[in-house]
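Undergrad: Have a look at this one before I ask anything.
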Amino acid sequence: MTSNDHSVLIERLKSGELDAVVTNHPAYGSDIRIIADLSMPVIAVAAARLFKKLGIKKKESFSKTIKEKDVGLVLPSDNLNIRIETDSFLQKLRLHNSVVFESDILAVVVRAVVEGVGVAFLPRPYVAKELNHETLIPIGSEDFLWQHNIFIIARNTKTPDPV
């Protein structure tokens, strides 16, 4: 298992160094194929202690919470597709909260939110454990804000890999 930029991983896949790539960018070509396209709901989350500190009610509307409370945003770096989607979402709602933390590693983004640094927009499966333990709480009553896709891409081969 390895981690790198999408373009590097796709080149390594095409060269035969990798068997498959999990990415949030689709990729097309005669030598590769998308073998799975998984859609995940994105939600806004904050630490339970941040809810208490800012006086946020659990079912308070998302827009009201973000617009009226002085809450900073914890975001993925702008080279990640989830950040592009988040920026587009915030722009549609005309929200201009300050970014207080940013990372290109989503596990670090999750950790920063758990520590109460600010609010993040993350796919629900990425924070399922934290939601179950109630260390993170979804903001608003909306089921999800948008769908984020993850793709599994493999080389086109004449004989399928048994794995």
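The values are calculated or read from the model by the stated rules, or taken from the named source; none is laboratory data. Computed from a prediction, not measured in an experiment: that's the story for all the values here. Reconstructed Cβ throughout: ideal geometry from the backbone, glycine too, with neighbour counts over all protein chains shown. These area figures cover heavy atoms from the full protein model, side chains too; ligands, DNA and RNA do not enter into them. Shrake-Rupley method; radii C 1.70, N 1.55, O 1.52, S 1.80 Å.
Undergrad: If we scan the stretch 11-25, do we find a residue that is open to solvent by less than 30 Å² (accessible area, probe 1.4 Å), among the small types (Gly, Ala, Ser) and out of contact with any His (no Cβ under 6 Å at 6 or more places or on another chain)?
TA: No, because not a single residue in the stretch 11-25 is open to solvent by less than 30 Å² (accessible area, probe 1.4 Å), among the small types (Gly, Ala, Ser) and out of contact with any His (no Cβ under 6 Å at 6 or more places or on another chain).
Undergrad: Filtering the stretch 83-108 down to residues that are hydrophobic (A, V, I, L, M, F, W, C) and under 24 Å from Ser39 (Cα atoms), which residue is least open to solvent (accessible area, probe 1.4 Å)?
TA: Of all residues in the stretch 83-108, those hydrophobic (A, V, I, L, M, F, W, C) come to 84, 89-90, 93, 95, 99-101, 105-108.
In the following step, the residues that additionally are under 24 Å from Ser39 (Cα atoms) were identified as 84, 89-90, 93, 105-108.
Working: Ile84: 94, Phe89: 33, Leu90: 14, Leu93: 55, Ile105: 90, Leu106: 40, Ala107: 73, Val108: 56 Å².
The qualifying residue least open to solvent (accessible area, probe 1.4 Å) is Leu90.
Undergrad: Confirm whether Arg111 is at pLDDT below 90, open to solvent by 70 Å² or more (accessible area, probe 1.4 Å) and under 21 Å from Gly72 (Cβ atoms). First the steps, then the outcome.
TA: Working: at pLDDT below 90: no; open to solvent by 70 Å² or more (accessible area, probe 1.4 Å): yes; under 21 Å from Gly72 (Cβ atoms): yes.
Criteria not met by Arg111.
Undergrad: Do you know which of the residues in the stretch 67-78 that are more than 11 Å from Leu50 (Cβ to Cβ) and buried (at least 20 other Cβ atoms within 10 Å of the Cβ) is farthest from the chain's Cα centre (by Cα)? Steps first, answer last, please.
TA: Let us first name the residues in the stretch 67-78 that are more than 11 Å from Leu50 (Cβ to Cβ), namely 67-68, 70, 73, 75-78.
This time we only want the ones that are buried (at least 20 other Cβ atoms within 10 Å of the Cβ), so: 73, 75-76.
Working: Leu73: 13, Leu75: 9, Pro76: 8 Å.
Only one residue fits best here, namely Leu73.
Undergrad: Moving on to the next point. Which of the numbered conditions does Thr157 fail, given that it passes all the others? Conditions: (1) at pLDDT below 85; (2) within 28 Å of Val22 (Cα to Cα); (3) crowded, with 16+ Cβ neighbours inside 10 Å.
TA: (3)
Undergrad: Residues in the stretch 67-80 that are in contact with a Lys or Arg (Cβ under 9 Å, 6 or more places away or on another chain) and either in a loop (DSSP other than H, G, I, E, B) or touching a residue at least 40 places away in the same chain (Cβ under 8 Å) (or both): how many?
TA: 2
Undergrad: Does any residue of the stretch 42-63 turn out to be open to solvent by 80 Å² or more (accessible area, probe 1.4 Å) and within 30 Å of Arg155 (Cβ to Cβ)? Step through it out loud before you land on a result.
TA: Step one: of the stretch 42-63, the residues open to solvent by 80 Å² or more (accessible area, probe 1.4 Å) are 49, 52-53, 57-59.
Retained after the next criterion (residues that are within 30 Å of Arg155 (Cβ to Cβ)): none.
Within the stretch 42-63, none of the residues are open to solvent by 80 Å² or more (accessible area, probe 1.4 Å) and within 30 Å of Arg155 (Cβ to Cβ).
Undergrad: Which of the residues spanning the stretch 71-89 are modelled with pLDDT of 90 or more and either among the hydrophobic types (A, V, I, L, M, F, W, C) or in contact with a Pro (Cβ under 8 Å, 6 or more places away or on another chain) (or both)?
TA: Across the stretch 71-89, the qualifying residues are Leu73, Val74, Leu75, Ile82, Arg83, Ile84, Thr86, Phe89.
Undergrad: Please determine whether any residue of the stretch 28-40 is open to solvent by 60 Å² or more (accessible area, probe 1.4 Å), free of Cβ contacts under 8 Å to residues at least 40 places away in the same chain and not in a helix (DSSP H, G or I).
TA: Within the stretch 28-40, one or more residues are open to solvent by 60 Å² or more (accessible area, probe 1.4 Å), free of Cβ contacts under 8 Å to residues at least 40 places away in the same chain and not in a helix (DSSP H, G or I).
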